[in-house]
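**Student:** Below is one structure. I have some questions about it.
Just so it is clear, none of the values below were taken in a lab; they were calculated from the coordinates. From a predicted model like this one, the values you see are computed outputs, not experimental measurements. FYI the Cβ positions are ideal-geometry reconstructions off the backbone, even for glycines, and counts take in every protein chain you see.
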Amino acid sequence: MSPYVFVLAAVLAVIPILFFYKINLEKLKENPTLKEKYQTNLFIGVGISEAIPIILIVFGMANMETVGSFDELLIPGMIVILIMAIGSFFVLLQRSVDVTKENKEAVNTFSFVSLALMNAIPIISIVSLFMMAP
């Protein structure tokens, strides 16, 4: 049960961040002069959406126990890596759709900031899974 708390934290962190990213990216593509406003909206959305995953990470670390074999961590680890890959793929695809030459720099900056924010909790989850290894 305990390894899957970290998987749940990763899923609950990545999916809402992707929604906030998509909404604000579409607005940024329409009006790149308000880049700071859309980044602020993204940061507020990320802060709100990461509250529950952070609580789950703390809960998982408080109840952490060593697993019997490394095989018990393979499935949760693969799920977290899959979530990271899907999220990264989504961000990188959205970065290149309907972008004009004038918007490209703002969209790239916004996308890479979002990519870093999106992968933070899954990386913490992977480290936590390694801490459970025998």
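**Student:** Across the range 3-60, what is the total count of residues that are surrounded by fewer than 18 Cβ atoms within 10 Å (Cβ to Cβ) and among the small types (G, A, S)?
**Tutor:** Total meeting the criteria: 2.
**Student:** Taking M84 as the residue in question, decide whether it is assigned to a helix (DSSP H, G or I), out of contact with any Pro (no Cβ under 9 Å at 6 or more places or on another chain), buried (at least 19 other Cβ atoms within 10 Å of the Cβ) and not charged (D, E, K, R).
**Tutor:** no
**Student:** I'd like the full set of residues that are more than 19 Å from F90 (Cα to Cα) and in contact with an Asp or Glu (Cβ under 8 Å, 6 or more places away or on another chain), limited to the range 8-67.
**Tutor:** Residue satisfying the conditions is P32 alone.
**Student:** Taking the range 90-127, which residues are surrounded by 13 or more Cβ atoms within 10 Å (Cβ to Cβ) and over 19 Å from I15 (Cβ atoms)?
**Tutor:** Listed by number, the residues that qualify are V99, N103, K104, A106, V107, N108, T109, F112.
**Student:** Looking only at the range 37-56, decide whether some residue is touching a residue at least 40 places away in the same chain (Cβ under 8 Å) and among the acidic types (D, E).
**Tutor:** Within the range 37-56 (the criterion being touching a residue at least 40 places away in the same chain (Cβ under 8 Å) and among the acidic types (D, E)), the answer is yes, since at least one residue qualifies.
**Student:** Continuing with this model, one more query. Tally time: how many residues in the range 95-133 are without any contact (Cβ under 8 Å) to a residue 24 or more places away in the chain, over 29 Å from P32 (Cβ atoms) and not in a helix (DSSP H, G or I)?
**Tutor:** Number satisfying all stated conditions: 0.
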